[in-house]
Amino acid sequence: MRGVDVGVAAMPVLSVQDLKMYYLVERRGWVRAVDGVSFDLEKGEALGLVGESGCGKSSLGITILRILPFNAKIFGGKVVLEGKDILQMPEDKFRKEIRWKKISMVFQGAMNALNPVMRVGDQIAEAILLHEDVGRQEALERARNLLKLVGIDPSRANSYPHEFSGGMRQRAMIAMALACNPSVMIADEPTTALDVIVQAQILKLIKDIQRRLGISTILVTHDLSIVADLCDKVAVMYAGKIVELGPAEKIYYRPLHPYTAKLLGAVPSVKGKRRRLEFIPGAPPDLLYPPPGCRFHPRCPYAEEICKKEEPPMKEVNGVKVACHRVEELWNL
Amino acid sequence: MELVKVEDLRKYFEVRTFTLPFTKKPKLYVKAVDSVSFHINEGEIFGLAGESGCGKTTTGRCILRLIEPTSGRILYRGENILDYDKSKMRILRRRMQIIFQDPYESINPRMLIRDVVAEPLRVHKLASSEEELEDMVARALEDVKLVPPDDFMYRYPHELSGGQRQRVAIARALILNPEFIVADEPVSMLDVSIRAEILNVMLDLKEKYKLTYLFITHDLAVAKYFCDRLAIMYLGKIVEMGDVEEVIDNPLHPYTKALVAAIPVPDPKVKIGEIPIIGEVANPLNPPPGCRFHPRCVYAKDICKKEEPPLVEVKKGHFVACHLYSKG
Ligand SMILES: Nc1ncnc2c1ncn2[C@@H]1O[C@H](COP(=O)(O)OP(=O)(O)O)[C@@H](O)[C@H]1O
Ligand SMILES: Nc1ncnc2c1ncn2[C@@H]1O[C@H](COP(=O)(O)OP(=O)(O)O)[C@@H](O)[C@H]1O
Ligand code: SF4
Ligand SMILES: [Mg+2]
Ligand SMILES: [Mg+2]
């Protein structure tokens, strides 16, 4: 294969490059929800995409999967899957070859979106039939196997969603996302509505599946503790942009971007000592009118003139990518 | 000094069931709170934690008599307030306030912030003039760090951020100079970067006005930073209670152990391990006999299926309701 000079072995499964997607809000303008996002997802990797609500995490997921609402528009960038740009692919081809078959998604709050009058096994079989040319019997058989894979007794295929607990419904949604053996799974806040014990069980399931099937996973969450439990790599998102990206241990033990550092200072830990938590003054910006320069500058304790004017480029520092003008200076690097 | 003492509190909700005509079905009850006893010292932050549906909100609302308990006693400064009549209750209400998870439960979206905060003053006729009222509102807004207050008074709730709205709810709860505040998941809907700001405001106010809090949360990590003592509830009962660090760092009840083990921590080298628990939470309409946790407990003995374990003090100030710790 020409053009891939880094060698096939090092080629990421998914490479998102300078992706931009805005929503049009009538009479007001564009909400810049995904504004120049780049990252690579390696084979078998679990990437945590973390940030506060409204920073554009779900928007990024639906842009990759190309299931955008009518008022959304892609303004540029590339989504390269196994070497091919799938952002430009005709919708027909994308639906047949990519969506659900190569990339699937567990949607935020989806466990409450199961069809209440259809048996769970049938719903999973339906997803298979929609994307693959197989018979009904085979699809049902596969649905039962998928249920088993996610830790549900296959005999429960005949149950209706209301007969499942919240945790089981979320397992069923994961089964559905796995229905066509995708190489990438995006899990959007997969445990947010669940109690902590069920959450831990779902996180364990995702880990198991990831290891056993070698699926590359993007875990979208607002919870830094969940990312620490599950992910090897972390992308911290703020106001439509990734501000820091790198191996989890580096990010947690030595955060370089002021936002990451402040955010980690605000996270309570059940293993921590009692203290006053830090907070970040102010609130994230309205993405209709994001601030110029660094989008974090109005809340950043280290902001200087340049931060208000120029957008900080992504730089590689200590094996981590950071978008901050002052990073070297702040940490004496 | 005990400010609040809850004794054998019960709240049973009757649930409607579909029955055929002429058949008599026994009435069904959700025992949302089932014999709960604890006390809160003056100036203390007492935490009530547990998974959703365990009865935290019901307990908090019963203490304020926002809902009437089925039975039990609620002593406030030694007096059983369940015996209070309407007018006595009305006076007491000024001293006890509630902050909800969703600020819109106490904030009318069509009212200006000034009027939202001033409403309790009007209800209790506590301001002699509009100027005095405005002064009091301004002071309350300053207390919750909505400064300068003039920037906030004449705005509507939707013009504020979620964190600011929750601070308005706190200002409103504070305006009557209460002594005791029930805070029901006050930061659960907020992003982590602003959560601490609200919690710190609550801590500052507690110092300044010598407040006492009942802090309801499902998040043990938040509880650990905020509370002095903590009670863990499971299916309507307190299963463990003690100093917050004791309960979280050294849990004794098998349920608390599982709960603590399930919590992720913001450290990539620390992973969630095996969680010592079986199955899922029982239907509250039909809780298991004996210890309500026994079908899920990995240590259950014969006695656990038959006898309900009482809440006993196993170490100084550390209470557990579990047969594993009963004497003999
Ligand atoms: N359909 C839409 N139309 C207009 N704005 C939207 C739409 N969906 C989301 N947004 C806005 O886009 C931004 C990013 O939202 P989202 O991707 O849902 O964030 P997150 O998942 O990180 O919480 C937010 O400001 C949100 O209000
Ligand atoms: N008004 C009500 N009618 C019937 N059942 C209720 C009512 N309020 C609460 N419950 C039930 O009581 C139990 C405890 O609820 P709640 O106190 O809200 O728990 P928590 O705050 O711990 O989540 C739950 O099973 C809930 O469904
Ligand atoms: S009382 Fe028995 S069943 Fe209940 S938690 Fe303790 S050991 Fe387990
Ligand atoms: Mg989202
Ligand atoms: Mg509640």
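The values are calculated or read from the model by the stated rules, or taken from the named source; none is laboratory data. These figures come from a predicted structure and were not determined experimentally. Using ideal geometry, Cβ is built from the backbone for each residue, glycine included, and neighbour counts are taken over all protein chains shown. Keep in mind that these areas ignore ligands, DNA and RNA; they rest on the heavy atoms of the full protein, side chains included. Shrake-Rupley method; radii C 1.70, N 1.55, O 1.52, S 1.80 Å.
Considering every residue within the stretch B:104-125, establish whether at least one is of a type in the set (D, E), under 19 Å from the mean Cα position of the chain (by Cα) and open to solvent by 10 Å² or more (accessible area, probe 1.4 Å). Step through it out loud before you land on a result.
If we filter the stretch B:104-125 for residues that are of a type in the set (D, E), which is where we start, we get B:105, B:115, B:119.
If we keep only those that are under 19 Å from the mean Cα position of the chain (by Cα) as well, we get B:105.
Subset that is open to solvent by 10 Å² or more (accessible area, probe 1.4 Å): B:105.
Within the stretch B:104-125, one or more residues are of a type in the set (D, E), under 19 Å from the mean Cα position of the chain (by Cα) and open to solvent by 10 Å² or more (accessible area, probe 1.4 Å).
Any idea how many residues of the stretch A:87-97 are surrounded by 13 or more Cβ atoms within 10 Å (Cβ to Cβ) and either of a type outside the set (D, E, K, R) or in contact (Cβ under 8 Å) with a residue 40 or more places away in the chain (or both)?
3
May I ask you to say which residue of B:L160, B:L190, B:L146, B:L203 is touching a Phe, Trp or Tyr at 6+ places or on another chain (Cβ under 6 Å) and within 14 Å of another protein chain (Cβ to nearest Cβ)?
Details: B:L160 fails: touching a Phe, Trp or Tyr at 6+ places or on another chain (Cβ under 6 Å); B:L190 fails: touching a Phe, Trp or Tyr at 6+ places or on another chain (Cβ under 6 Å); B:L203 fails: touching a Phe, Trp or Tyr at 6+ places or on another chain (Cβ under 6 Å).
Just a single option satisfies the conditions, and that option is B:L146.
With A:I86, A:I103, A:I98 as the choices, which residue is away from ligand 4 (no atom under 14 Å from the Cβ) and touching a Phe, Trp or Tyr at 6+ places or on another chain (Cβ under 9 Å)?
Matching residue, one of A:I86, A:I103, A:I98: A:I86.
Quick test for you: out of B:I272, B:I277, pick the one residue that is free of Cβ contacts under 8 Å to residues at least 12 places away in the same chain and crowded, with 17+ Cβ neighbours inside 10 Å. Reasoning before the result, please.
Values: B:I277 fails: free of Cβ contacts under 8 Å to residues at least 12 places away in the same chain.
Every option except B:I272 fails the conditions.
Do any residues in the stretch B:161-180 that are free of Cβ contacts under 8 Å to residues at least 12 places away in the same chain have Cβ atoms under 7 Å from those of residues that are open to solvent by 20 Å² or more (accessible area, probe 1.4 Å), where the two are at least six apart or on different chains, and which pairs are they?
none
Quick test for you: out of B:D184, B:D249, pick the one residue that is within 11 Å of another protein chain (Cβ to nearest Cβ), modelled with pLDDT of 95 or more and surrounded by fewer than 24 Cβ atoms within 10 Å (Cβ to Cβ).
That would be B:D249, the only listed residue that is within 11 Å of another protein chain (Cβ to nearest Cβ), modelled with pLDDT of 95 or more and surrounded by fewer than 24 Cβ atoms within 10 Å (Cβ to Cβ).
Give the number of residues within the stretch A:43-66 that are open to solvent by 40 Å² or more (accessible area, probe 1.4 Å), at pLDDT below 95 and farther than 17 Å from A:V243 by Cβ.
Residues meeting the conditions: 1.
Go through the stretch A:73-86 and give me each residue that's aliphatic (A, V, I, L, M) and either assigned to a helix (DSSP H, G or I) or surrounded by fewer than 20 Cβ atoms within 10 Å (Cβ to Cβ) (or both).
A:I74, A:V80
Of everything in the stretch B:74-133, what is assigned to a loop (DSSP other than H, G, I, E, B), in contact (Cβ under 8 Å) with a residue 24 or more places away in the chain and of a type in the set (F, W, Y)? Give them in sequence order.
B:F100
Among the residues of the stretch B:28-73, which ones are open to solvent by less than 20 Å² (accessible area, probe 1.4 Å), part of a strand (DSSP E or B) and either of a type in the set (V, I, T) or within 30 Å of A:T192 (Cβ to Cβ) (or both)?
Across the stretch B:28-73, the qualifying residues are B:A32, B:V33, B:D34, B:V36, B:I40, B:I45, B:F46, B:G47, B:L48, B:A49.
I need the helices (runs of 4 or more DSSP H) fully contained in the stretch B:161-255, keeping only those with at least 3 residues that are under 28 Å from B:V312 (Cβ atoms).
The helices (runs of 4 or more DSSP H) meeting that bar are B:220-226, B:244-249.
What number of residues within the stretch A:245-284 satisfy the criterion of being among the basic types (K, R) and at the interface with another protein chain (Cβ under 8 Å from one of its Cβ atoms)?
Of the residues in the stretch A:245-284, 5 are among the basic types (K, R) and at the interface with another protein chain (Cβ under 8 Å from one of its Cβ atoms).
When residues of the stretch A:291-311 are filtered for being part of a loop (DSSP other than H, G, I, E, B), more than 23 Å from the chain's Cα centre (by Cα) and either more than 14 Å from every other protein chain (Cβ to nearest Cβ) or within 16 Å of ligand 4 (Cβ to nearest atom) (or both), how many remain?
Number of matching residues: 8.
For residues that are within 14 Å of chain A (Cβ to nearest Cβ) and acidic (D, E), scanning just the stretch B:270-324, find the one that is farthest from B:F38 (Cα to Cα).
This residue is B:E274.
How about the stretch B:292-315: which of its residues are part of a loop (DSSP other than H, G, I, E, B) and either at positive phi or over 24 Å from the mean Cα position of the chain (by Cα) (or both)?
B:C297, B:V298, B:Y299, B:A300, B:K301, B:E307, B:E308 - these are the residues of the stretch B:292-315 that are part of a loop (DSSP other than H, G, I, E, B) and either at positive phi or over 24 Å from the mean Cα position of the chain (by Cα) (or both).
If we scan the stretch A:98-107, do we find a residue that is within 16 Å of ligand 1 (Cβ to nearest atom), on the phi > 0 side of the Ramachandran plot and open to solvent by less than 80 Å² (accessible area, probe 1.4 Å)?
Checking the stretch A:98-107: not a single residue is within 16 Å of ligand 1 (Cβ to nearest atom), on the phi > 0 side of the Ramachandran plot and open to solvent by less than 80 Å² (accessible area, probe 1.4 Å).
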